[in-house]
Amino acid sequence: MFEPPKEHEIQFEPLNNPSQVEGYEKIKEEARVEYSKYKQVKCPALGNDPVYFLSEGFNHLIYKRAKKPRDQRIQVMRFKLLPKAKELIEVSTTFQEYEESYEYMVVNRYGKSLKENMLVKSWGLIGIMGSKFRIKVVIQQIGNGKKEFYSVIPAWTTRYYKDIKIIEVSRGSLTNEDEEQELKSTTQENSGAL
């Protein structure tokens with residue numbers, strides 16, 4: 001795979017206050033501006049269908065669910081992975097994970113909000129970007145709607161047992177994320193490497 005430009009280097013810095021990130025609002029606004037530039041990209045893995053970068057995807061980087069914000073360190077990590085996520089969508093020729101489920105959600109029908117069971121399709125693109133970044137990008141489609149960017153997460157966790165390095169493939173479903181494990185593995189793995 002090709003080497004990404006140096007301008008997208010990711011630096012993880014040790015934090016003194018585990019619940020807050022210094023300069024968080026500025027980082028979030030810069031990420032929002034960058035994210036809004038993406039609009040849509042063609043994805044070879046999905047038959048060159050466009051993948052749209054809509055507000056729901058950016059909100060998912062900030063919130064787990066309605067009014068439940070993610071840890072700011074997780075948010076900042078995901079913001080910094082956005083250029084790599086876009087790049088993975090553009091270059092990936094296969095998807096590694098696929099999941100379908102029915103979810104009961106509010107939809108707008110004829111100017112009224114109704115609750116309906118909707119088919120939700122999720123695709124997981126996993127790739128090693130450059131030589132250091134292992135990420136998973138989740139793309140989601142609700143019903144017959146647009147294919148939308150949903151999330152970017154580190155794809156694997158690395159553990160050590162004595163002097164043996166153990167790499168585990170990502171666990172769980174495409175829509176269920178274990179943030180504590182993600183934060184723990186990412187900060188341990190990247191504390192000095194990036």
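Wholly within the range 1-92, which strands (runs of 3 or more DSSP E) include no fewer than the required count, namely at least 2 residues that are modelled with pLDDT of 90 or more and either touching a Cys at 6+ places or on another chain (Cβ under 9 Å) or of a type in the set (Gly, Ala, Ser) (or both)?
Result: 49-52.
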### Task
Report yes if some residue within the range 49-62 is more than 15 Å from the chain's Cα centre (by Cα) and within 29 Å of VAL33 (Cβ to Cβ); otherwise report no.
yes
### Message
I need every pair where a residue in the range 101-115 that is free of Cβ contacts under 8 Å to residues at least 24 places away in the same chain has its Cβ under 9 Å from the Cβ of a residue that is open to solvent by 70 Å² or more (accessible area, probe 1.4 Å) and among the aromatic types (Phe, Trp, Tyr), sequence separation at least 6 or different chains.
### Response
LYS115/TYR104
### Message
Being in a strand (DSSP E or B) and either under 15 Å from TYR150 (Cα atoms) or under 15 Å from the mean Cα position of the chain (by Cα) (or both) is the filter here; which residues of the range 93-118 pass it?
### Response
GLU97, TYR98, GLU99, GLU100
### Query
What about LEU125, is it within 17 Å of the chain's Cα centre (by Cα), modelled with pLDDT under 95 and not in a strand (DSSP E or B)?
no
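The values are calculated or read from the model by the stated rules, or taken from the named source; none is laboratory data. If you're wondering where the values come from, they're calculated on a predicted model, not measured in any experiment. Ideal geometry is used to build each Cβ from the backbone, glycine not excepted, and the neighbour counts take in all protein chains shown. Note: accessible area is taken over every heavy atom of the protein model, side chains too, but ligands, DNA and RNA are not part of it. Shrake-Rupley method; radii C 1.70, N 1.55, O 1.52, S 1.80 Å.
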